[in-house]
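*Asks:* This is the structure I have questions about; it appears just below.
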Amino acid sequence: MTDLNSQKQAALEAIAAAGTLDALEEQRLAALGKKGWISLALKTLGQMSPEERQQAAPAIQAIRAEVADALATKKSDLESAELNARLASERLDLTLPGPDMPRGTVHPVSQVMDELAEIFADLGFAVATGPEIEDDWHNFTALNMDESHPARAMHDTFYFPESDNDADGNRMLLRTHTSPVQIRSMVAQGAPIRIIAPGRVYRSDSDATHTPMFHQIEGLVIDRGIHLGHLKWTLETFLKAFFEREDIVLRLRPSYFPFTEPSVEVDVGFEVVDGKRVLGGDGDAPGHGWMELLGSGVVNRRVIEFAGLDPDEWQGFAFGVGVDRLAMLKYGMDDLRAFFDGDVRWLQHYGFSPFDQPTLSAGVGAKA
Ligand code: PHE
């Protein structure tokens, strides 16, 4: 018995000293394993006389219980120490500032389109869209440019092969302007109409001020008794809001578009400041000039007929303006091609923060 007691003492000390779960398991096997000293001691009970056994059995069981308890306690100590160590090493401090991630910007074309949508929404215009792959009926014929019309040749159109003609035998093409959305809106919703239609257009043309793809925004109003005065007021109101200047002066020049009659080319007065053209002021004043900005006119009655409306009841005006050009004039870029290079340095410089949402109350020109 004294032997067993000193073995127990040694075992309890070894258990207390075990630094890892593996070391502890070794101690468990040495005491309670098949050949462990406690298991062997229990086996000796069989050879004892009943009297001896009555004495020895409770004593060995007590030693066994004491060692098993010590093992269990030490095991849970080691396990919680291990868990704490893992929690400490995997700790994340959520109060630290976020890492400096690359941040994207809103492209000036998107920003200007949002500005225009905001300005025209305030005037009661909805935003309409149409397909970039158009048919020649919507892009030309319904806009009063039949197959032999010379204006078709001026559009430098990207055509699809004739094998791609639509079910009605119309030639497919990349739209050369946003004006086909005029036709689609009239056909789809009838009259009255007040829409703007921003989007991509395509012409086979390329230099510092022309790219094969660029952006236009179309405006269309159809109602009863619409005349040139409504057009002029609308353009003036829009350009003053867009350029955020009260002194925007327009000059309307007679022009020609097959789909408007009369047609009006609109020039805006500018001033030369530090060698740069700045919009504003009377173009005829000294040091000033006129810049051609957009095409517009009273919707040709033939176009209203093509779209299925009665031109004796419905009249309208329309305009089309280059969005990229508006962006260049407002934000001072001078090469259109850079708009579509995707150079992050250009985008960082000319792009806008997503937080700079144009609103009429906060201003439609918040610069990044
Ligand atoms: N569609 C014409 C263009 O691309 C612009 C325009 C639109 C002119 C509407 C008059 C009316 O040049």
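What follows draws every value from the coordinates through simple rules; no lab data is involved. Keep in mind it's a predicted model, so treat the numbers as computed, not measured. Positions of Cβ are generated from backbone atoms using ideal geometry, with glycine treated the same way; all protein chains shown enter the neighbour counts.
*Asks:* Just to confirm my numbers, what's the Cα centroid distance between the stretch 117-184 and the stretch 15-51 in Å?
*Replies:* First find each Cα centre; the distance between them is then 93 Å.
*Asks:* Rounding to the nearest 20 debye, state how big the charge dipole of the chain is about its Cα centre with +1 on each Lys and Arg Cβ and -1 on each Asp and Glu Cβ.
*Replies:* Computed about the Cα centre, the dipole is about 1440 debye.
*Asks:* So for the chain, considering every pair of alpha-carbon atoms, how many percent are separated by more than 36 Å?
*Replies:* Of all Cα-Cα distances in the chain, 48 percent exceed 36 Å.
*Asks:* With +1 on the Cβ of every Lys and Arg and -1 on the Cβ of every Asp and Glu, and nothing else charged, how large is the dipole of the stretch 2-90 about its Cα centre, in debye rounded to the nearest 20?
*Replies:* Dipole about the Cα centre, nearest 20: 340 debye.
*Asks:* What is the extension gain from K34 to T129, computed as 0.36 nm multiplied by their sequence separation minus the C-alpha to C-alpha distance, in nm to one decimal?
*Replies:* Taking 0.36 nm per residue and subtracting the Cα distance, the gain is 25.9 nm.
*Asks:* Take the Cα gyration tensor of the stretch 2-90, multiply each eigenvalue by 5, square-root it, and list the three semi-axes largest first, rounded to whole angstrom.
*Replies:* So the three semi-axes of the stretch 2-90 are 33, 11, 10 Å.
*Asks:* Something else about it: Rounded, prolate or oblate for the stretch 145-241? Axes are the square roots of the Cα gyration tensor eigenvalues, ordered a ≥ b ≥ c, and the cut-off for rounded is a/c under 1.5.
*Replies:* Oblate shape, in that a/c is at least 1.5 and b/c is the bigger or equal ratio.
*Asks:* In nm, to one decimal, how far is the K240 label point from the D22 one, both placed 7 Å along Cα→Cβ?
*Replies:* Calculated label separation equals 8.5 nm.
*Asks:* Could you tell me which residue out of T44, G322, P198 lies farthest along the dipole of the chain toward its positive end? Charges go on the beta carbon: Lys and Arg +1, Asp and Glu -1, centred on the Cα centre.
*Replies:* Going by the charge dipole, the pick is T44.
*Asks:* About the Cα centre of the stretch 273-368, what is the dipole size in debye to 20, counting +1 per Lys and Arg Cβ and -1 per Asp and Glu Cβ, all else neutral?
*Replies:* Value, rounded to 20: 320 debye.
*Asks:* Dipole of the chain (Lys/Arg Cβ +1, Asp/Glu Cβ -1, origin at the Cα centre): which of A81, A56, A307 lies farthest to the positive side?
*Replies:* It is A56, whose Cα lies furthest towards the positive end.
*Asks:* With a Förster radius of 45 Å, plug the Cβ-Cβ distance of F355 and N170 into 1/(1 + (r/R0)^6) and report the FRET value to the nearest 0.05.
*Replies:* 0.50
*Asks:* Report, ordered by chain and residue number, the lysines lying within cross-link reach of K74, taken as a straight Cα distance under 26 Å and ignoring same-chain residues fewer than 8 apart.
*Replies:* Answer for K74, where 26 Å is the Cα cut-off: K8, K34, K35, listed by chain and number.
*Asks:* Want the number for A10 to S80: 0.36 nm per residue separation, take away the alpha-carbon distance, what's left?
*Replies:* 22.7 nm
*Asks:* How far apart, in nanometres, would the label points at R200 and D282 be if each is projected 7 angstrom from Cα along the Cα-to-Cβ direction?
*Replies:* The modelled label-to-label distance comes out at 4.5 nm.
*Asks:* Turning to a different aspect of this structure: Please work out how much length the chain gains when fully extended from R103 to L45, using 0.36 nm per residue of separation minus the C-alpha to C-alpha distance, in nm with one decimal.
*Replies:* Going from the current span to full extension adds 13.0 nm.
*Asks:* Note down the nm distance, to one decimal, between modelled labels 7 Å out along Cα→Cβ at Q348 and at V272.
*Replies:* 3.5 nm
*Asks:* Towards the positive end of the charge dipole of the chain, with charges on Cβ (+1 Lys, Arg; -1 Asp, Glu), say which of Q182, A128, L12 has the farthest Cα.
*Replies:* L12
*Asks:* Just to confirm a number: summing +1 for Lys and Arg and -1 for Asp and Glu over residues other than S296 whose beta-carbon lies under 13 angstrom from that of S296, what do you get?
*Replies:* -3
*Asks:* Right, next: In whole angstrom, how far apart do the alpha carbon centroids of the stretch 70-97 and the stretch 248-292 sit?
*Replies:* Taking the Cα centre of the stretch 248-292 as reference, the centre of the stretch 70-97 is 75 Å away.
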